[in-house]
Structures are given as structure tokens and as C-alpha cells.
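Below you'll find the structure, written out as C-alpha cells, and then a few comments.
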Amino acid sequence: MYLPLLLLTVIGLSGANVSNYDLEKRDVTDFAMLSGNEHPRLNRLNRNTNTLTASQPLTSDVLVATGGKMVLNCTVKEHENSSLQWSNPAQQTLYFGEKRALRDNRIQLVRSSPNELSISINNVVLADEGEYTCSIFTMPVRTAKAMVTVLGVPQEPKITGYDRPFNEKENAILRCTTSGSKPAANIKWYKGPEELEGARNSETRDPNGKTFTVVSIISFPVTREDDKVEITCTVGHESMPNTFKSSSQILQVLYQPMAKIEPRPNMPREGEKLMLQCDAFGNPLPERYVWTRKNGELPTTAIFDHNSLVFQNLNKSDSGTYVCEVSNVMGMFIAEYKLDVNDPSPYPTHSGLDHAVVGGVVAVIAFLLFCLLIVLARYLIRHKGTYLTHEAKGSDDAPDADTAIINAEGGQGGTDDKKEYFI
């Protein structure tokens, strides 16, 4: 009987105290405004209000990806000899001051002081998302909230829909799938370096109710130019700001062959050897080559060798239109070449021309050697020296050789020397 009355009395007194505090502050404020003077009681009330603000803890929201690390930081200006505390969305205490309260090795103390409490959580999972509370146990207890948002990192994408080579002009349909993203991931398609437009994207929520599975479907007609082209599916997400995940598929396109006939040499002449080569390509490679001649039979002297037709000795009668037919499992192609055999070449054959060139080179070398010998002989003669001969004076007037000799022998001592130079 007395207990309810006691509770009502306490409540009434508490209400009266709050009312009296508010009324007192308003009365003093009104008095100060009317008198223009600062009331000492107003100063004391303002100091109490500032203390309440300084004792309010401060936090900030956190955005983190699964598998990452988050840091919860709580600060307060005036701790009033009280400790800070962090608790999780389930209101379980994680740390009280520097003391760990929850046995979870992922949770570690970063910094603890009267004015700050910071903790970290490693290997973040989706279940860590929620509202965390920082509390300071003053009178009354003051709290601050920090909202933790956990991003789901998308898994590696996978391309499906390619289980066999595409045929030329067929419509290719490829599917790219990735799961585990939160929010839903963004998917793009590329053919080589070029982005493909027109993909259809859809998203469904995963069984955990938090992440999404995204499916992207691309459709395009394939051509022979798409053979061996790389098709890439890329996944972008805000949990991977500086990178992306991708999956690639090399296409194989089957198409019918194409061919062209090349003559070797380019200007065939009568009496020469000629090879017509049928150059063909396709996917798969052409398996069958057939040579024919329009409006006639192939020459009996022509030799068929797979993709080549060889004429050992061309004749005017070999002129005509020759046909190369190539085929693979995708179809066939016909290439034609019109052969006009020209008259025999008026110029020497290659072997004769080679001999003439060799002979000319030898003649030039022989001529150069001969000139060199002449120059060398003249050089030696000029530097051989001076040769002196003595002839008797008056020997030039002798009627015959015997007389000249006798005169020369008898007059060697008293006659003048006569110098003769050989050049």
C-alpha cells in the first residue's frame, strides 16, 4: 500500500526538480534580458549545459567490404571520470575501456584513453552489419550511434552458353553470372576492346536475404571475323573501387572457304615452267581441291599436286581458263584464273644470263689487274736510278762500228764524259 505512494512521490519530486530547473533558468534568463546584466545564476546554469555537451560521445558511420577491416572510433571531450564502452547491434559489450568483454579474436583494441576508445574488427562478415553504440557512464548515461554498412563482394563471374563452335551468321547467346554482391553488381560485355551494347541484366536476392545474384545475357550475330575473338564479361562493384573481376571466352566460328589462284611466275611464256597455286582458307581448313579447265580437258602434261597445278613446258595450246574448286564441311568456293601463254622470251634464259654476268665480272677484274701492272712498272722505272755511259769523243763521226770502238778505247782518258739516262 505504501510502495505505490512512495513511487509517485519520487516521480513527483523528480518532475518538480526538472520543472524548477527549467523555470529557474527561464526566470533568470528573462531577468538578465530585462536588466541587461548577466546574472551569476545564469552563468552557473550555462556552465552546466556546456558540461552536458562536452560529455556527449562522438562517433562516425563505417562502410566496409566483406573480408575487410573496420575501425570504430569514439571520442569525448569531458569524460567526468567515466569510461567509454562499445557494444554491438545485439547490445553485447565489446570493450569497456581497455578491457575486452566479448571473446572474439577478430575484435582488437586500437586505442584506449579517458577521452577515446577505438577498436577494430578484422575479416568482416555480413552479420557484422548494424548499429553499434558507444556509451559513457555519466549521470545520466550518454550514448552515440555508429551505423556499419557491410558491402558484399561479388564472386568471380562465369560465362555459359558456349558449348560448341558457332556457325557463320548464327546468333550467339551468352550468359554471365555472379553472386554475393551487396548491393547488386554491374556487368559489362566486351568483344576484344569494343564494348557490346544491348545486354539484358537481372538480379535476384540470395538465400541469405542480403546479397544478390546478377545475370547478364548478351546476343549478337557472329561473322567469320569473330573467329578466335575474345569475349569478356566484367563485373564492377563499389567494394572494388580500383579493380574489377572478369571472365573470358575465345570464340570459334565455322565458315566456308575462300580461295585465289596465284601464277608463278607472273608472266608465263612458252617453253617455261608454270605453277598455278590455289591459296585457300576457311574454318575448318579446306579438305578437297579439284582442278578443271573451262571448255576443255586439262593438258596431259599438267601435273596436279593437291592445291597446285604444274606445267613443266608451257605451250600455246595451254592457254585457257583454269578453275580451282575448294570445299569443307561448311560449303565450297570456286576460284578462276585465265592463262595467256606469251611468246618465248627474247632475252637469255636465267642460266645464260648468269654466265654472261660472271664473264663480265672476270673481264673487269683482268682489266684492272693489267692497269695496275702498267702503273707499277712505270713507278719502278722512275725510281731505278741514273745510269752513266762513256763514249769516245768523235765516235759519232766514225764511218763504222769497228772504227768507233778503236776510237773509244784510245781516247777514254782525255775525252769528256757523256751521260745517258734510261727512262
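The values are calculated or read from the model by the stated rules, or taken from the named source; none is laboratory data. Note that the coordinates shown come from a computational prediction; the quantities given were computed from them, not determined experimentally. As a convention, Cβ positions derive from the backbone with ideal geometry for all residues, glycine included, and neighbour counts pool all protein chains shown. Each accessible area value is taken on the protein alone, full model and side chains, heavy atoms only, with ligands, DNA and RNA left out. Shrake-Rupley method; radii C 1.70, N 1.55, O 1.52, S 1.80 Å.
Which of the peptides 287-298, 214-225 is most tightly packed, and how do the rest follow, judged by the mean count of other Cβ atoms within 10 Å per residue?
Details: 287-298: 12.5, 214-225: 17.1.
Ranking, from highest mean packing down: 214-225, 287-298.
How much area per residue is accessible in the stretch 155-219 when the probe is 1.4 Å and only protein heavy atoms are counted (Å²)? The partial results should precede the final answer.
On the way: 3800 Å² over 65 residues.
Accessible area per residue, the stretch 155-219: 58 Å².
Over what distance in Å are the Cα centres of the stretch 234-293 and the stretch 83-125 separated?
The distance from the Cα centre of the stretch 234-293 to that of the stretch 83-125 comes to 66 Å.
Work out the charge dipole of the stretch 224-277 with +1 on the Cβ of Lys and Arg and -1 on the Cβ of Asp and Glu about the Cα centre, then indicate which of 250, 274, 231 is farthest towards its positive end.
Looking along the dipole axis, the top candidate is 274.
Calculated FRET efficiency, residue 164 and residue 104, Cβ-Cβ r, R0 41 Å, to nearest 0.05?
Working: r = 51 Å, r/R0 = 1.25.
Given R0 = 41 Å and the Cβ-Cβ separation, E is 0.20.
Arranged from highest to lowest average of other beta-carbon atoms within 10 Å per residue, in what order do the peptides 266-273, 231-238 appear? Show your work: numbers first, answer last.
Values: 266-273: 13.6, 231-238: 20.1.
So the order, starting with the most tightly packed, is 231-238, 266-273.
Please report the net charge: other residues with Cβ closer than 14 Å to the Cβ of residue 246, K and R +1, D and E -1. If you can, show how the numbers build up before the last one.
On the way: positive: 158, 188, 191, 245; negative: 156, 195, 230.
It works out to a net charge of +1.
Residues with beta-carbon under 13 Å from that of residue 98, excluding residue 98: net charge, scoring Lys, Arg +1 and Asp, Glu -1? Mind dumping the intermediate values first?
Details: positive: 99, 100, 111; negative: 116.
Value of the local net charge: +2.
Place +1 on the Cβ of every Lys and Arg and -1 on the Cβ of every Asp and Glu in the stretch 103-154, take the dipole about the Cα centre, and give the residue among 113, 151, 135 whose Cα lies farthest towards its positive end.
113
With a 1.4 Å probe and every protein chain left in place, tell me how much accessible area residue 367 has, in Å² to the nearest 10.
Probe radius 1.4 Å; accessible area of residue 367 about 130 Å².
Tell me the Rg and the Dmax, in Å, that the Cα atoms of the stretch 137-226 produce.
Rg then Dmax for the stretch 137-226, in Å: 21.1, 80.
Using the heavy atoms of the protein chains alone and a 1.4 angstrom probe, what is the accessible area of the stretch 80-147 per residue in square angstrom?
Working: 3660 Å² over 68 residues.
Per residue, the stretch 80-147 has an accessible area of 54 Å².
For the stretch 109-262, compute Rg over Rh where Rg is the Cα radius of gyration and Rh is the Kirkwood radius from the inverse mean 1/r over Cα pairs.
Numbers: Rg = 24.5 Å, Rh = 19.3 Å.
With Rh from the inverse mean 1/r over Cα pairs, Rg/Rh is 1.27.
For the stretch 214-285, which whole percent of the accessible surface, found with a 1.4 angstrom probe, sits on carbon and sulfur atoms? All intermediate terms of the calculation are to be shown ahead of the outcome.
Numbers: 1880 of 3570 Å².
Ligands and nucleic acids excluded, carbon and sulfur reach 53 percent.
So which of 158/191; 228/294; 169/245; 69/145; 273/338; 145/245 end up more than 27 Å apart, counting from Cα to Cα?
Values: 158/191 16 Å; 228/294 37 Å; 169/245 30 Å; 69/145 19 Å; 273/338 16 Å; 145/245 35 Å.
The answer is 228/294; 169/245; 145/245.
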